[in-house]
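First comes the structure, then the notes that go with it.
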């Protein structure tokens, strides 16, 4: 029984490790400036995790392989209540490794979250609602028009409550897809009209909740042109799984040309661009 | 060696069926009641996970039985997304509260803590009975929550309670996940299917559950502090008792916070307050305050709910797993025929886990919009909690080292616990880092992590406990052959279910999606999704063996001796099952630590805690022979 | 090093084998009567303190919600303090004093006086609840309801939650009062009575202090 258990434990360990190292399924290729550092931290962590997992399982398998009751009288276990030295040793070693990992992991976080977006960032407002994304672009004047929840009217497609009386808002556009420039910091101002949603683009390695009643500012820099799927990653109700959109990362000039278009043309051009760029293959 | 004492004769044994088995104040009966409740709840929860896997792997397939049971949730037998989401919600709630919190603590803790410390009952037997019945009411209410919205008759009954109790939104059960994030959970029917009467009942059920758990926790702590028998010093207690005690402290301090949050949430739903609902919301085409269906709300904080919930929610994880750790330590030592390695370190580790468990709740909220600075503190504290967890693992391996293992079914499950605890716990190193959480949050790697460590590992602890203590509880042994088959299928099965889920999370598959067909980048995961579902069907099917084994063995199992495992602690000093007052009027006196196996020079390879004659190499010289 | 035979009972972990440890049964290790009725009755006191820890956690969670909500919100309108709350406060303070007197009488074995002071406490406690009800009615007469604004929501919630807890205490004091007529002969029962009186009065004083805290939080903090 012990040997069988040992073999099963080792086999499960081997298969688990193989699944991870096979490379058949892994992160989609990264497209943001912070992603390589995040991926590196992930690799370091998963190597530590993998080694600890494997070592513990091999050790456990070894114990059950080796030690079993023979039923012979007098054949007894080693009588030991432990060893303080060993306890100290493994407490200190694991503490050092774990806390070092935690501290190392903070650099990506700090670069993204502890600073405001750099000057010159491209700014888009994102307003989520059940089960739709609305992205608000500042238009030719680069100024966002005033919005007010009391002006929201989904029936007339004023999804974000733009104030028609505000001159700054007249050239603004609102679309369901997100377009951002490549290689330039992007600031997203995230709001929600109803419940909590989450902005999630796997290739960006980036997530943030959109919380009603708050405007949350986040920033990142995308560095590869293309079209990427954008999902809601916080349970928001019945059609949560359908709350999907796309993020377009465009060359600066293409985006600039898009941004100055008035609303209808903006929509049309966005549709063209969404057709133009294919989804990444991995 | 022992005297008879007044304390041991407090309650005469009841004779009527109702006082003996239904409204019993005997902690043993109450413990079995809790275990039966958990067995019923886990069956419901498992069937739900089966339905979820079916929907994910074979979407759009018609299952006629579903239409019969849930005409609105699965019209034509095809699951609707809202039906799927209410399954997610109910599966999580039932498993976390009514299985993982009841069986380990209310079940085994109730039955064995008093016996293991040499007491005749809990400190407050009536309170103990109350805590079970309150919990049972909570379970009935949560079952009602599943049906209230889909069932017209039931819906009308509850509609009389007020407008927010009106159901009929054409779904089954509430939608909110087991975390019930506000404002989705707070807005009411306007926020879509699954937000009506069922959600009210969900909140009420959890509030009721909190009260039941608090009564239980109070009893556990008082019993342990006040009722230990002569010689049962703290450091002679079995590790199970330490685990139950710490669990009770966690429950005592965390459930009130959830109760407070639940009251606020319920008031937001039924009384129009704005604790969690901010101003200016525009939901389903209606602006807050512009329509009687959606009263005016201002200024509430959705993140406040998350803080209150997770302040409870994280300790809850340890409430689920600590008793499993205790049982595993206990059973490993017994069947390894070797003292627990580093008993003291184990006690400190339990305490450290319990204490740190109160300071890491923020790791559920890295990307919630809370302060990014606090995320750093939470991240470092979270990884520190891995240290005592690792210490426990090392000590389990240390216990096995140089041992003589007896591979009983209970031992197999205890060894399985160690393996699964490592497999599930170790990925906490990934999820606890705020920066990695940017990619990992709310993907399947989270699902995989917590299912392995708090779900499956805890359940393995409970399986081990049941196979181990069953003879004591019922006087009969569980069938060993069925037990082994049950172990092998379950052990391999849970690896096959949950390891691939990690990979899905790395690719980026989000949790709580009723369907993945919308996303191109998830298409490549189809083979893994199928693998997981097939493994789930087999593993869940194997649990039927377990149910058959339990109910068959209660009546027909092989008769058990008083001490079939040659174990050392006090429960093995009494008959199987124990008499009404546990020790037949003579409370035992304790002379040794709990895990004296393989003592050199002792006549047998185990020294029971009550063995006065045995000589054990002692710190105070060899003064074992006093009498 | 692992194989070394170590003492199974280490320093500070109780005496060596063969000698029952001092800690069992909550006794003080004086080798006295085992399952000592006096220390066994202690479970009422222990249970009460443990229970109060959980009450404290619940009110801590509600207060932290109050503080977060009051600091962050722009929609906060301060309530006018209902004057009758002063009366409530005096009533509950007085009730604590009378309950304490009752407990002293019990210690002095003055059973009749004990019962009388318990009865006075019950009356004062009921008076407190009635007074709280008046405060609610005063506010609702002014058109201030549970959902009117965050301050009123918290006012009704916190006073309501406190009243429910106090009603529990009232039940306890009434129970002591009803039981006080029984003539006890055994020392065991006397220990039990003293312990229950202690437990109830710990709870009552706690509710008293909790009210003062809530009162200050509601009308002084913001």
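The values are calculated or read from the model by the stated rules, or taken from the named source; none is laboratory data. Treat the numbers as computed from the prediction; the structure is a model and nothing was measured. All Cβ positions, even for glycine, are placed from backbone atoms using ideal geometry, and neighbour counts span all protein chains on display.
Structural remarks
- Among residues of the stretch C:137-155 being without any contact (Cβ under 8 Å) to a residue 40 or more places away in the chain and either more than 14 Å from every other protein chain (Cβ to nearest Cβ) or surrounded by 21 or more Cβ atoms within 10 Å (Cβ to Cβ) (or both), the one that is nearest to residue C:218 (Cα to Cα) is C:153.
- For the residues A:101, A:112, the requirement of being touching a strand residue (DSSP E or B) at 6+ places or on another chain (Cβ under 9 Å), buried (at least 17 other Cβ atoms within 10 Å of the Cβ) and part of a helix (DSSP H, G or I) singles out A:112.
- Counting only residues that are part of a strand (DSSP E or B) and in contact with a helix residue (DSSP H, G or I) (Cβ under 8 Å, 6 or more places away or on another chain), the stretch A:130-146 holds 1 of them.
- Residue B:401 being within 30 Å of residue B:563 (Cβ to Cβ), touching a residue at least 60 places away in the same chain (Cβ under 8 Å) and facing another protein chain (nearest Cβ under 7 Å): yes
- Those residues of the stretch C:171-202 which are surrounded by 22 or more Cβ atoms within 10 Å (Cβ to Cβ) and within 16 Å of residue C:128 (Cβ to Cβ), in sequence order: C:173, C:200, C:201
- Those residues of the stretch B:52-65 which are on the phi < 0 side of the Ramachandran plot and surrounded by fewer than 21 Cβ atoms within 10 Å (Cβ to Cβ), in sequence order: B:52, B:53, B:54, B:56, B:57, B:58, B:59, B:61, B:62, B:63, B:64, B:65
- Yes/no for residue A:205 being within 12 Å of chain B (Cβ to nearest Cβ), more than 30 Å from residue B:195 (Cα to Cα) and either buried (at least 22 other Cβ atoms within 10 Å of the Cβ) or without any contact (Cβ under 8 Å) to a residue 12 or more places away in the chain (or both): yes
- Odd one out for residue B:514 among (1) over 20 Å from the mean Cα position of the chain (by Cα); (2) at pLDDT 95 or above: (2)
- In the stretch B:169-186, the count of residues that are part of a loop (DSSP other than H, G, I, E, B), away from chain A (no Cβ under 14 Å) and either surrounded by fewer than 24 Cβ atoms within 10 Å (Cβ to Cβ) or modelled with pLDDT of 95 or more (or both) is zero.
- Of all residues in the stretch A:85-118, those being within 8 Å of another protein chain (Cβ to nearest Cβ) and farther than 18 Å from residue A:205 by Cβ number 11.
- Of residues in the stretch B:366-394 being more than 7 Å from chain A (Cβ to nearest Cβ) and either under 27 Å from residue B:333 (Cα atoms) or in a loop (DSSP other than H, G, I, E, B) (or both), the one farthest from the chain's Cα centre (by Cα): B:371
- Test for residue A:20: is it within 9 Å of chain B (Cβ to nearest Cβ), in a helix (DSSP H, G or I), surrounded by 21 or more Cβ atoms within 10 Å (Cβ to Cβ) and without any contact (Cβ under 8 Å) to a residue 40 or more places away in the chain: no
- Residue match in the stretch B:433-453 (condition: free of Cβ contacts under 8 Å to residues at least 60 places away in the same chain, in a helix (DSSP H, G or I), crowded, with 24+ Cβ neighbours inside 10 Å and at the interface with another protein chain (Cβ under 7 Å from one of its Cβ atoms)): yes
- Meets criteria (surrounded by 16 or more Cβ atoms within 10 Å (Cβ to Cβ), touching a residue at least 12 places away in the same chain (Cβ under 8 Å) and within 7 Å of chain B (Cβ to nearest Cβ)) for residue A:38: yes
Quick grid of which residues meet (1) farther than 30 Å from residue A:156 by Cβ; (2) more than 7 Å from every other protein chain (Cβ to nearest Cβ); (3) at pLDDT 95 or above:
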| residue | (1), (2), (3) |
| --- | --- |
| B:207 | yes, yes, yes |
| B:223 | yes, yes, yes |
| B:229 | yes, no, no |
| B:243 | yes, yes, yes |
| B:247 | yes, yes, yes |
| B:262 | yes, yes, yes |
| B:285 | no, no, no |
| B:288 | no, yes, no |
| B:309 | yes, yes, yes |
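- Any hit, the stretch B:587-602, residues being touching a residue at least 12 places away in the same chain (Cβ under 8 Å), more than 14 Å from every other protein chain (Cβ to nearest Cβ) and in a loop (DSSP other than H, G, I, E, B): no
Yes or no, residue by residue, for (1) under 21 Å from residue A:69 (Cβ atoms); (2) at pLDDT 90 or above; (3) over 28 Å from the mean Cα position of the chain (by Cα):
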position: B:575; (1), (2), (3): no, yes, yes
position: B:585; (1), (2), (3): no, no, yes
position: B:595; (1), (2), (3): yes, yes, no
position: B:614; (1), (2), (3): yes, no, yes
position: B:622; (1), (2), (3): no, no, yes
position: B:627; (1), (2), (3): no, no, yes
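- Of the candidates B:272, B:280, the single residue that is within 13 Å of chain A (Cβ to nearest Cβ), assigned to a loop (DSSP other than H, G, I, E, B) and at pLDDT 90 or above is B:280.
- Filtered residue count, the stretch A:153-193, keeping only those that are within 13 Å of chain B (Cβ to nearest Cβ), in contact with a helix residue (DSSP H, G or I) (Cβ under 7 Å, 6 or more places away or on another chain) and in a loop (DSSP other than H, G, I, E, B): 1
- Of residues in the stretch A:23-35 being in a loop (DSSP other than H, G, I, E, B) and under 10 Å from residue A:220 (Cα atoms), the one farthest from the other protein chains (Cβ to nearest Cβ): A:33
- Which numbered condition residue C:184 misses (of (1) at positive phi; (2) modelled with pLDDT under 90): (1)
- Looking across the stretch B:250-268, the residues that are farther than 19 Å from residue A:211 by Cβ and crowded, with 24+ Cβ neighbours inside 10 Å come down to B:250, B:251, B:254, B:255, B:256, B:257, B:258, B:259, B:260, B:262.
- Test for residue B:348: is it farther than 30 Å from residue A:206 by Cα, within 14 Å of chain A (Cβ to nearest Cβ) and within 25 Å of the chain's Cα centre (by Cα): yes
- Which listed residue, of B:377, B:414, is farther than 27 Å from residue A:14 by Cβ and out of contact with any strand residue (DSSP E or B) (no Cβ under 9 Å at 6 or more places or on another chain): B:377
- Leading residue by the ranking (nearest to residue A:22 (Cα to Cα)) among those in the stretch B:476-533 that are facing chain A (nearest Cβ under 7 Å) and assigned to a loop (DSSP other than H, G, I, E, B): B:508
- Here is the figure for the stretch B:558-586: residues that are within 19 Å of residue B:121 (Cα to Cα) and part of a loop (DSSP other than H, G, I, E, B) total 13.
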